[in-house]
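Bear in mind these aren't lab numbers, they're just calculated from the coordinates by the rules spelled out. Predicted model, so just to flag it, every value in this text is computed and none were measured. Neighbour counts are summed over all protein chains in view; Cβ atoms, including those assigned to glycine, are modelled from backbone coordinates with ideal geometry.
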């Protein structure tokens, strides 16, 4: 099993794990579907349909894994300073990109025939309440500038990148701890912070992303992903042991248990055949709120994230050739340029809601076409390497 897990470990030119890039591509697809807020056939698999997990957790975990993989050799060969400098520069680069996106969306909204409100507001699907995510233009300009610089305004579809920027700023501490063999201590501290914040829910940065992704909570999955990537060889070796094989079997059992739970979601937008109804509505929401809250990363959701990653990675390893042949052309390039795709998808979100056929559309076929066009458009940008020199990947 270990040989099979390692056999596809690296792309020959990029030294990347194509299976992880495939998963990242699927995660980006889910994010695109969720962020373009109309209902299509794709929502039947993207709205917590493969367990109580979302693309946001996948984005954060996989970003940590890839970052750990990329920097391991450099740090373990004694070039810790270079590894830290690269991470800090990356954080600064993404901060600048965030400012550009925030400002450019506001400018686009000033164009008379263009409506960018879908990126400048957030609508609660349950209550219908609309939240203004950008400052009122008549407000004090100094406050506006300060809030933009502090990432307190911006598209809600872009929020998770703010979380990533902050986490990158603290990654040098993790790399230092890893380099001196204190990974268990570091991850223990991460758990302590997670549990403390579960009880107190602090949002120390007061940035916009903290309301959806509180940093003291979400740091847990990022830094554990970072450790998995950094010690990937040891992780694979563990799964080749007897205990590791048992862990895989347990992961599959739990995966289907979570699948059963989520298919009892009574959400009315799901067709009746996708709602088992074996768990009452009251019981479902009770357990969901207790163990599976997204913003607070309930313990059930954390476990589901872990087993979903293990199961998807094992399935891709077992059936890589046919899966890669059928879907790899689409998802692997997207996954290899996930940050690039994430940045561009904001503008595609605005564009699609300015095409008359998609405005306020209730037609599931039309909406599916819209989601397809956006994702294929992003794929074309990647394949054409459009502005690769300027937009980070």
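The percentage of C-alpha pairs in segment 179-247 whose separation is greater than 16 Å is 59%. Can you bin segment 113-244 into rounded, prolate or oblate? Criterion: square roots of the alpha carbon gyration tensor eigenvalues sorted a ≥ b ≥ c, rounded for a/c under 1.5, prolate for a/b above b/c, oblate for the rest. Note, shape of segment 113-244 comes out prolate. Comparing 120, 207, 274 in a Gaussian network model of the chain (Cα springs below 10 Å), the most mobile by mean-square fluctuation is 274. Take the Cα of residue 103, go 7 Å toward its beta carbon, and none of the backbone nitrogen atoms of segment 150-177 fall under 12 Å from that spot.
Remark: the residue 260-residue 169 segment gains 28.9 nm on full extension, using 0.36 nm per residue and subtracting the alpha carbon distance. Take the alpha carbon gyration tensor of the chain, find the square roots of its eigenvalues, order them as a ≥ b ≥ c, and report rounded if a/c is under 1.5; if not, report prolate when a/b exceeds b/c, else oblate. Taking the square roots of the gyration eigenvalues as a ≥ b ≥ c, the chain is rounded. Taking 0.36 nm per residue of separation and subtracting the current Cα-Cα distance, fully stretching the chain between residue 248 and residue 123 would add 41.0 nm.
In terms of its C-alpha gyration tensor, segment 290-393 has an oblate overall shape, because the principal axis ratio a/c (a ≥ b ≥ c, square roots of the eigenvalues) is not below 1.5 and a/b does not outweigh b/c. Would you work out the relative contact order for the chain, in percent, from Cα pairs under 8 angstrom that are 6 or more residues apart? Normalised by residue count, the contact order of the chain is 29 percent. Label positions at residue 79 and residue 150, each projected 7 Å from the Cα along the C-beta direction, are separated by 3.9 nm. Relative to the current alpha-carbon distance between residue 366 and residue 96, full extension at 0.36 nm per residue lengthens the span by 93.6 nm.
Note on the chain: with a GNM built from Cα contacts shorter than 10 Å, the maximum mean-square fluctuation among 184, 318, 268 falls on 268.
Within segment 40-83, whose backbone N sits under 12 Å from a point 7 Å along Cα→Cβ of residue 176? Label zone hits: 81. By other beta-carbon atoms within 10 Å, ranking 338, 63, 188 with the fewest at the front produces 188, 338, 63.
Highest mobility in the GNM of the chain, judged by mean-square fluctuation with C-alpha springs under 10 Å and restricted to 282, 264, 197, is found for 282.
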